[in-house]
Ligand code: ACO
């Protein structure tokens, strides 16, 4: 069995925050942010549309409509997110919001900005080896909920969004995933993380407290901590190597690729990777000026815009790569 991409969709919150808006919050300015990152605006979950689950379901609906597949025909929902709205998993809530009445399997994949890439490869494995036929892969994150809004080095980077694709079983000759390459390095976690921290509680176990240290303290998550320079170096070093490995597995080289579609973290990272692979800027997809770094959503969001605007056409070959916290990174060679 093979698998192919048959639909995509995306959704963003309505609240837009510009660089000038951020300059009212921290000591920064539009020129610094645009020159160093390429970002001009980002969307943030707030007020009325404050549900990541709803955003993910909207993106998934777009993918199903494009593919002309009913929610009841979906047999697996993968929700790639590092900011779930339930610690035990967000995917079943999205499945419910979509109205998939036959209770398909649904579960979360947590791998920060590489989440969608990992979801895509996992979906392909489920189809090729597990008998699944219609798999929704959703990348959705609301990092704004974990941003330290007083840290000018990181708060300028992130936005919230959701993107989705539908991967469908097909004959092997129509297969749309040609090669992939996946990695992680826990040692690099110190450069980018949002770890747990203890929450103060006055709960006591009776007056004599007979078990030392009990009850355990509840925890919450810290805000995002990032060493931007190290993350930048890691991306520029590892992403071209990973794409080359995926291309090699596919028996292709960069000149066979119609589009380079990287996780949208920083325009300078995108440009450096494209230069290393000798891919001209006309073949590079970028929309981070409008949305910033939307973590697991960035690749399917940019893909959806490129497909709907007619840039990416049926049969086009795409080299895509996700990279970020973990550290995690990976690439895949796809046909739209
Ligand atoms: N506005 C104005 N000045 C700033 C700002 C700001 N928003 N932020 C930092 N500065 C200052 C610094 O304080 C520093 O000042 P100094 O020279 O007086 O000390 C100066 O600008 C240079 O700072 P650097 O950190 O060296 O700037 P750099 O060129 O490295 O750019 C950036 C910083 C944009 C964060 C860059 O390193 C980057 O994009 N890194 C990658 C980050 C990334 O992609 N992270 C997400 C990964 S995905 C995931 O999984 C979540």
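Results, tabulated for the structure shown:
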| read-out | value |
| --- | --- |
| Efficiency of FRET between residue 278 and residue 183 - r from beta-carbon atoms, R0 30 angstrom, step 0.05 | 0.85 |
| Inter-probe distance in nm under a simple model that places probes 7 Å from Cα toward Cβ, at residue 249 and residue 21 | 3.9 nm |
| Rounded to 5, percent antiparallel among DSSP beta bridges of the chain | 70 percent |
| Segments 175-181, 312-318 sorted - mean Cβ within 10 Å per residue, highest first | 175-181, 312-318 |
| Highest-fluctuation residue, 215, 84, 104 considered, GNM on the chain with Cα pairs under 10 Å | 215 |
| Shape category assigned to the stretch 1-116 from the gyration tensor of Cα positions, a/c cut at 1.5 | prolate |
| Scattering curve values for the chain, log₁₀ I(q)/I(0), Debye with Cα scatterers, q = 0.13, 0.14 Å⁻¹ | -0.93, -1.07 |
| Pairwise label distance in nanometres, residue 227 with residue 171, each label 7 Å out on the Cα-Cβ vector | 5.3 nm |
| DSSP-defined beta bridges in the stretch 1-152 - what % are antiparallel, rounded to 5 | 30 percent |
| Förster radius 51 Å - calculated FRET efficiency between residue 31 and residue 70, Cβ distance, rounded to 0.05 | 0.55 |
| The stretch 207-290 shape via C-alpha gyration tensor axes, a/c threshold 1.5 | prolate |
| Candidates 190, 233, 268: whichever shows maximal mean-square fluctuation once the chain is modelled as a Gaussian network with Cα springs under 10 Å | 233 |
| Simple label model, 7 Å out from Cα along Cβ direction - residue 88 to residue 1, nm | 2.9 nm |
| Fraction of antiparallel bridges per DSSP, the stretch 229-336 only, in percent to nearest 5 | 60 percent |
| Cα gyration tensor shape of the stretch 264-336, rounded if a/c is under 1.5, else prolate or oblate by comparing a/b with b/c | rounded |
| Mean residue ellipticity (222 nm) of the chain, computed from DSSP H runs ≥ 4 via -39,500 (n - 2.57), nearest 500 | -9500 deg cm²/dmol |
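Each value in this text was obtained by applying a stated rule to the coordinates, not by laboratory testing. These figures come from a predicted structure and were not determined experimentally. So basically every Cβ, Gly included, is an ideal-geometry build from the backbone, and we count neighbours across all protein chains shown.
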